[in-house]
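Colleague: Questions regarding the structure given below will be posed in turn.
The values are calculated or read from the model by the stated rules, or taken from the named source; none is laboratory data. If you're wondering where the values come from, they're calculated on a predicted model, not measured in any experiment. Don't worry about glycine lacking a Cβ; one is built from the backbone with ideal geometry, like all the others, and counts go over all protein chains shown.
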Amino acid sequence: MRFVLPQLHDIRHRKLSGVLDLERMRVSPAVLDLRTSRGEVDASFVRRALPVHVTEAERIAMHVAFAVALTKAGMRNSEQSDPYGSSSHREESSILEMVPAAMPQESSFRELQGIATSFTRPRLPKTFVLGLLIAALLVPSLAAIAGAATMERSLVNAASDAVRALETAAGAMKELDSGAAEGAFGEAEEQFRDAHRELTSVGLGALSLLAELPLSAKLTTGKALLEAGEDIAAGGIHMSRALGMVRLISPETLLAAVAPLAESPHSQKNASAQEFGDFEQELTSAANLLASAARSLERVDAGVVPEPYRERVVRLKAALPQIRSGIETLEESAHALAGILGMQGTRRYLVLLQNASERRPTGGFIGNVAIATVRNGRLEELRVEDSYLFDGQLVRYTVPPKPIQDISAAWSLHDANWFRDFPTSAKVAAGFFEETGALTPDGVIAVNSRTLERLLEVMGPVTVPGGPSVDSRSFVDLLNTIGADQRPGETTQVRMMSSLLPALLARFPQVRAEGDAGAGALEALRESVLAGDLMVWFRDLEEEAFAKFLGASGALPSANSDFLAIVAANINGFKTDRVIEESVRHEAVVDADGGVVDTVTLTRQHRGNERQEQFYRQVNKTYLRILVPQGAELLAAEGFTCDPYEPPMDYRAAEYRVHEELAVLEATTHPSDGNACVEIGEESGKASFGGWVFVSPGETLAVRLTYRLPLRLQGPVDSYRLLVAKQPGSEPMFSAVLRAPPGWRIAWHDEGFADGGSGEFATFPEPLVRNRFFGAVLVR
């Protein structure tokens, strides 16, 4: 059998021709066809396929035959896939432009003209053999280069069209048009796929022969970019589908979940477990495709990317892992929310209804609680109970915090929120609730009275069945009045809350349909989360991580610089925090050595004398804790009232249990050496300065502490940072001052500070409605 080498034009327009006698060489043409059709050139295969008696010339000629057959197939495929109908003339001109000057000259090609008549010669000159070797590599390389150059325009145009489709898809995503985005992403994916197929049509073997040529990096980078583009577009399709279901993780889903307590003509269909599963699957597919795109981009050499696009490619390589991480976070959030909404089984939550009129560390006194049952995205039951009902069912008694012992000999559910860190207090509350023989809650939700006030403000008055109309201004006063008038054994306040909460929740479907009112309700919930007036803790770790991600965990924030948290606990001070006006001033003074001394002044004005209600006209008795950076040294304190601790009973003899968390807190607490009215301790990784503060109606009292921070500003340039953690249920006026020593200057400060002259920067007093951060850069 004879295998004819195709006639090819070299760069000097000289023809090569030759004939291989495959029958004499005992090589199966089927094997040859198979290998070349796959686009493979493998020298080791040629050596294995040829009999050992084949001459060196025949062996080299076989290499040439393989290369030429492969090149012909590659060029044919290139022509078939070229939408612009590339001609051989264009191929030749492209070669002339692209072949480096170091390529073999005309003499090398002249030697190849004798190939056809030289196959049977027993010996060949070494120079001729070298020429054949060069030809064996050069011919397919030139053809592959020609194919790549021919495709350049079509690839650029195809990729440009794909990029435009991606931009269209991105615009649709911004407009939340999931249908248009999915269509545009699909178009981009198809265009990237077509361009990718066109690039690879020259054959993998031919591309591999270009490994040492300057064009190799461009081809590798181009191929990687097309693969990345194809994966990004395919991932965009899944993201578009997920966008169509993004309502599942929106506040709307939570509002829909609570609405079924009272059916309404505005009620909407709740999310289903299947929808959550589909949503998670789309996000998983998108994340996997973006991971594949990131791997493709790792093969991209930005140096060979044309200058107009280079910066965009670099940014894409850097951004893709972040985008993928964001999608994975979204996926985890969806999974967590599905669990929270009872898509995987019934969930029961303990809801702490906290009255901020009687301040406690997490917001207010727990006078009432609710047990919420959620299943398949629906709130099926909300049962309100007096917290003292559960206290009476405890079979094991616990020693309370020492300040609580002033009013109660045992620690129980209504006083459980002693720790400013809400996850810690929530676990204590859940433990007490479970010990009464009740169910084990899947989570704890704290709702401060301020949250209900915000909702009533935007949703309008709510008429309590069989009771009065309640609005944002009357709610707390009405709640306090009912509680004060309630006789032992009566449940008047519970009945009021049992009617008010379902009536309020029943308004959600209506305000969702009203547009502005619905947006106002969502904004009220958002403000409550930021203020710490709506906090959640979940027993499941993934769901608790979701709460932290939303900023709703109520966890005491950490800081590696200056820090301040004022924690007030009303102990037998009635409902007087309702009529207390507070202001806080934080002053940081930097000394010449870079040390920092803070002075915190808390001013409390009791305006209960202006009210008629007796529960507002009482002495405000508060145990105050000021949390600052651990290691801070107390220098001075004033304004505290000495109230020596006297245990109400012998707890050891009575075999009361000591709670583990409380034992850790009180083991570090001891009276200050310089002021017997102040206690020093540690809480949640912070230093704590605490003591009693009494304020009578009509009186204004200032509490002041001065302490040295354990940090020091170092070097010619350093920064000062202050994080202020707002206490839930409070809203004091806050101001901060930063003073630099002579020879120092404040080179930069955030917008909160204003230049007061003489190295002093201060903020104007304003309500502390959420955690605040202040910062400045100082230069010596």
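Colleague: For Val693, work out the one condition from (1) closer than 30 Å to Arg454 by Cβ; (2) β-branched (Val, Ile, Thr); (3) out of contact with any Gly (no Cβ under 9 Å at 6 or more places or on another chain) it doesn't fulfil.
Modeller: For Val693, the failing item is (3).
Colleague: Then there's this: Counting only residues that are at pLDDT below 95 and either more than 21 Å from Val597 (Cα to Cα) or small (Gly, Ala, Ser) (or both), which one in segment 715-734 is surrounded by the most Cβ atoms within 10 Å (Cβ to Cβ)?
Modeller: Ser719
Colleague: Given Leu379, Leu352, Leu337, Leu316, which one is buried (at least 22 other Cβ atoms within 10 Å of the Cβ), closer than 23 Å to Arg241 by Cβ and either touching a strand residue (DSSP E or B) at 6+ places or on another chain (Cβ under 7 Å) or not assigned by the TED database to the domain that holds Pro423 (or both)?
Modeller: Values: Leu379 fails: closer than 23 Å to Arg241 by Cβ; Leu352 fails: closer than 23 Å to Arg241 by Cβ; Leu316 fails: buried (at least 22 other Cβ atoms within 10 Å of the Cβ).
Just one listed residue meets the conditions, Leu337.
Colleague: Which count do you get for residues in segment 448-460 that are surrounded by fewer than 21 Cβ atoms within 10 Å (Cβ to Cβ) and within 22 Å of Lys548 (Cβ to Cβ)? Reasoning before the result, please.
Modeller: Taking segment 448-460 and keeping what is surrounded by fewer than 21 Cβ atoms within 10 Å (Cβ to Cβ), we get 453, 457-458, 460.
Subsequent filtering for residues that are within 22 Å of Lys548 (Cβ to Cβ) retains none.
Within segment 448-460, residues that are surrounded by fewer than 21 Cβ atoms within 10 Å (Cβ to Cβ) and within 22 Å of Lys548 (Cβ to Cβ) number 0.
Colleague: Now a separate question. Looking only at residues that are out of contact with any strand residue (DSSP E or B) (no Cβ under 7 Å at 6 or more places or on another chain) and acidic (Asp, Glu) in segment 635-663, which one is surrounded by the most Cβ atoms within 10 Å (Cβ to Cβ)? So that I can check it myself, show each step before the final result.
Modeller: Step one: list which residues in segment 635-663 are out of contact with any strand residue (DSSP E or B) (no Cβ under 7 Å at 6 or more places or on another chain), which gives 642, 644-655, 658, 660-663.
The next check asks that each one be acidic (Asp, Glu); those that pass are 646, 650, 655, 660-661.
Values: Glu646: 8, Asp650: 8, Glu655: 8, Glu660: 9, Glu661: 15.
The selected residue is Glu661.
Colleague: Let me ask something additional. Just one of Ala513, Ala519 is at pLDDT below 90, over 29 Å from Glu385 (Cβ atoms), more than 28 Å from the chain's Cα centre (by Cα) and assigned by the TED database to the domain that holds Ser425; which is it?
Modeller: Numbers: Ala519 fails: more than 28 Å from the chain's Cα centre (by Cα).
After applying the criteria, what remains is Ala513.
Colleague: In segment 702-745, how many residues are in contact with a Leu (Cβ under 9 Å, 6 or more places away or on another chain) and not in a loop (DSSP other than H, G, I, E, B)?
Modeller: The total comes to 20.
Colleague: Does segment 656-699 hold any residues that are without any contact (Cβ under 8 Å) to a residue 24 or more places away in the chain, assigned to a loop (DSSP other than H, G, I, E, B) and closer than 28 Å to Gln605 by Cβ, and which are they?
Modeller: Selection gives nothing.
Colleague: Evaluate the following for Pro671: is it over 40 Å from the mean Cα position of the chain (by Cα), surrounded by 17 or more Cβ atoms within 10 Å (Cβ to Cβ) and over 19 Å from Thr599 (Cα atoms)? First the steps, then the outcome.
Modeller: Details: over 40 Å from the mean Cα position of the chain (by Cα): yes; surrounded by 17 or more Cβ atoms within 10 Å (Cβ to Cβ): no; over 19 Å from Thr599 (Cα atoms): yes.
Here the answer is no, as Pro671 does not meet what is asked.
Colleague: Name the single residue that is nearest to Pro361 (Cα to Cα) among those in segment 569-589 being under 36 Å from the mean Cα position of the chain (by Cα) and not basic (Lys, Arg).
Modeller: As a first pass, look at segment 569-589 and keep what is under 36 Å from the mean Cα position of the chain (by Cα): 569, 582-588.
If we keep only those that are not basic (Lys, Arg) as well, we get 569, 582-584, 586-588.
On the way: Ala569: 6, Glu582: 16, Ser583: 18, Val584: 17, His586: 20, Glu587: 24, Ala588: 25 Å.
My answer is Ala569.
Colleague: Of the conditions (1) within 16 Å of Leu701 (Cα to Cα); (2) surrounded by fewer than 21 Cβ atoms within 10 Å (Cβ to Cβ), Asn572 clears all except one; give me its number.
Modeller: Among (1) within 16 Å of Leu701 (Cα to Cα); (2) surrounded by fewer than 21 Cβ atoms within 10 Å (Cβ to Cβ), the lone unmet condition for Asn572 is (1).
Colleague: Only one of Glu683, Glu613, Glu666, Glu655 is in contact with a Lys or Arg (Cβ under 9 Å, 6 or more places away or on another chain), among the acidic types (Asp, Glu) and more than 17 Å from Val567 (Cα to Cα); which?
Modeller: Working: Glu683 fails: more than 17 Å from Val567 (Cα to Cα); Glu666 fails: more than 17 Å from Val567 (Cα to Cα); Glu655 fails: in contact with a Lys or Arg (Cβ under 9 Å, 6 or more places away or on another chain).
Exactly one residue qualifies, and that residue is Glu613.
Colleague: Moving on. Is there any pair linking a residue in segment 211-230 that is within 18 Å of Val314 (Cβ to Cβ) to one that is of a type in the set (Asp, Glu) and modelled with pLDDT of 70 or more, with Cβ under 6 Å and at least six apart or on different chains, and which?
Modeller: Ala217/Asp301; Thr221/Asp301
Colleague: Now for a separate question. Against the condition under 15 Å from Leu350 (Cα atoms), β-branched (Val, Ile, Thr) and part of a helix (DSSP H, G or I), how does Val447 come out, does it pass? Working first, answer last.
Modeller: Numbers: under 15 Å from Leu350 (Cα atoms): yes; β-branched (Val, Ile, Thr): yes; part of a helix (DSSP H, G or I): no.
When the stated conditions are applied, Val447 does not pass them.
Colleague: Let me ask something else about it. Go through (1) surrounded by 15 or more Cβ atoms within 10 Å (Cβ to Cβ); (2) under 39 Å from the mean Cα position of the chain (by Cα); (3) more than 17 Å from Phe574 (Cα to Cα) for Gly467 and report which single condition fails.
Modeller: The number of the failed condition is (2).
Colleague: Something else now. Do any residues in segment 333-344 that are over 11 Å from Phe276 (Cα atoms) have Cβ atoms under 8 Å from those of residues that are surrounded by fewer than 20 Cβ atoms within 10 Å (Cβ to Cβ), where the two are at least six apart or on different chains, and which pairs are they?
Modeller: Listed by first residue and then by second, the contacts come to Gly342/Arg375; Gly342/Asn376; Gly342/Arg378.
Colleague: For Leu283, only one of the following conditions fails: (1) touching an Asp or Glu at 6+ places or on another chain (Cβ under 9 Å); (2) surrounded by fewer than 18 Cβ atoms within 10 Å (Cβ to Cβ). What is its number?
Modeller: (2)
Colleague: Taking strands (runs of 3 or more DSSP E) that fall entirely within segment 493-602, which contain at least 1 residues that are touching a helix residue (DSSP H, G or I) at 6+ places or on another chain (Cβ under 6 Å)? Give the derivation first.
Modeller: Working: elements: 534-538, 562-570, 580-590.
Of the strands (runs of 3 or more DSSP E) lying wholly inside segment 493-602, those with at least 1 residues that are touching a helix residue (DSSP H, G or I) at 6+ places or on another chain (Cβ under 6 Å) span 534-538, 562-570.
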